[in-house]
Amino acid sequence: MAAEMSTGALALSNIYKRTPPISMLVVKMEATYFKKATGTTIFSCEDGSKIREAVNHAASGGESESVTVKSIGKDENGALIAEFLFTWSFKSKPKR
């Protein structure tokens with residue numbers, strides 16, 4: 001859940017109060033685990049620009065736009081615990 005949230009927070013920040021409104025949905029998820037998490041694990045995503053670009057395309061084109069972004073989980077010592085790939089779909093909502 002924390003891995004998804006690291007990407008979803010970036011997505012939400014790009015669609016918040018957007019005109020036209022944009023819907024978002026995870027359509028695919030892949031995970032690779034490297035070691036057991038025994039303590040606090042921090043997840044981060046550095047693909048904010050890819051998300052922003054996908055949202056902008058969805059807003060301007062009316063077609064759904066998908067983007068795959070990576071979330072990396074590391075322990076307190078910086079050791080890699082897991083990598084997650086989330087594919088988000090964005091689509092402009094029809095006007096009411």
Residues satisfying the stated conditions in region 28-77, i.e. acidic (Asp, Glu) and either assigned to a loop (DSSP other than H, G, I, E, B) or surrounded by 16 or more Cβ atoms within 10 Å (Cβ to Cβ) (or both): GLU46, ASP47, GLU63, GLU65, ASP75, GLU76
Index of the failed condition, LEU25 passing every other in (1) assigned to a helix (DSSP H, G or I); (2) more than 20 Å from GLU83 (Cβ to Cβ): (1)
Candidates SER44, SER60, SER92 - the one that is among the polar types (S, T, N, Q) and modelled with pLDDT of 95 or more: SER44
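Considering only residues that are of a type outside the set (A, V, I, L, M) and either exposed (fewer than 12 other Cβ atoms within 10 Å of the Cβ) or in contact (Cβ under 8 Å) with a residue 60 or more places away in the chain (or both), which ones fall in region 9-27?
Start the filter on region 9-27 by keeping residues that are of a type outside the set (A, V, I, L, M), which leaves 13-14, 16-21, 23.
Answer for region 9-27, where residues must be of a type outside the set (A, V, I, L, M) and either exposed (fewer than 12 other Cβ atoms within 10 Å of the Cβ) or in contact (Cβ under 8 Å) with a residue 60 or more places away in the chain (or both): TYR16, LYS17, THR19, PRO20, PRO21, SER23.
The values are calculated or read from the model by the stated rules, or taken from the named source; none is laboratory data. Here the structure is a predicted model, which means the values were calculated and not measured. Heads up, the Cβs are rebuilt from the backbone with ideal geometry, glycines too, and the neighbour counts pull from every protein chain shown.
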